[in-house]
């Protein structure tokens, strides 16, 4: 399946992948008076170039002057080098800017290449999740403008309100609110039809973002992954986060280990709305992060251990 571009308001375009699985992220373009604002790039150079080709008719008269990165995960910024020429301003939160070098494309390339040589559950899972992307080329261009809390910017007569809600999904998540157009771009604070990833937390910050987005009552919401949505999609993500949070508290109090809690809570979601979501094995990340906030002495599990747990859970769903 491929991305499609949809005009969700006058001059406001969502570039959306229908399934939104690992790495298949969304982006957006806002065309103003003789200039445009791009909201996020994609996971690799070819995907980003294809997006720019789709938007070429608009960009021929309104070139990109500003790029906003909602956070520093590669599927929302690895394509920056295609866009961020010297005259393009790149905006992100200050916390997000510090994460841009944490997991460069070259490391992802080595991870996938190593996985291709493994005949293992984990190796197959990594290749299935990330093997479709091209991680060669330059690292992403980094932000040139950073902020804390909130930033309002006018570009070509359009008003952009940027609000920071991290740490939540990552350390520096931001949401773009186009109040006059009734559109919100949430980055990965919303996964629609797919399981959210709580890399950083706490859950309370993410829930605060959901509550604020709902108060704005936008007509169209462009999530970080999955199809376009409205406040019903926001409420669904909030329900998941609350369910994971309360489930972790109960299982932590009962003396379970984090792995036991992950397996038990995952099975508890069988037959629920969350059991129907894509990439449901990502509950392993959410439980691990909740555990760290419940118990500061908890020794952080490595990313490869988490991927091993997810590979095992994913295999269960296909048996």
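The values are calculated or read from the model by the stated rules, or taken from the named source; none is laboratory data. Keep in mind that this is a model prediction, so the values were computed, not measured. Backbone-built Cβ (ideal geometry, glycine too); neighbour counts: all protein chains shown.
Structure notes:
- Scope segment 204-234; condition within 24 Å of residue 12 (Cα to Cα) and without any contact (Cβ under 8 Å) to a residue 40 or more places away in the chain; matching residues: 210, 211, 213, 214, 215, 216, 217, 221, 229, 230, 231, 232
- Tallying residues that are closer than 24 Å to residue 87 by Cα and out of contact with any helix residue (DSSP H, G or I) (no Cβ under 7 Å at 6 or more places or on another chain) within segment 125-162 yields 15.
- Residue within segment 263-280 that is in contact (Cβ under 8 Å) with a residue 60 or more places away in the chain and in a helix (DSSP H, G or I) present: yes
- Within segment 299-311, if we keep just the residues that are under 19 Å from residue 202 (Cα atoms) and surrounded by 14 or more Cβ atoms within 10 Å (Cβ to Cβ), the residue that is nearest to the chain's Cα centre (by Cα) turns out to be 306.
- Only a single item in (1) free of Cβ contacts under 8 Å to residues at least 60 places away in the same chain; (2) part of a helix (DSSP H, G or I); (3) more than 23 Å from residue 226 (Cβ to Cβ) is not met by residue 315, and it is number (1).
- For residue 235, the criteria (1) within 21 Å of residue 28 (Cα to Cα); (2) not in a strand (DSSP E or B) hold in every case but one, which is (1).
- The listed residues are 200, 152, 181, and the only one of them that is surrounded by fewer than 24 Cβ atoms within 10 Å (Cβ to Cβ), touching a strand residue (DSSP E or B) at 6+ places or on another chain (Cβ under 6 Å), modelled with pLDDT of 95 or more and not in a strand (DSSP E or B) turns out to be 181.
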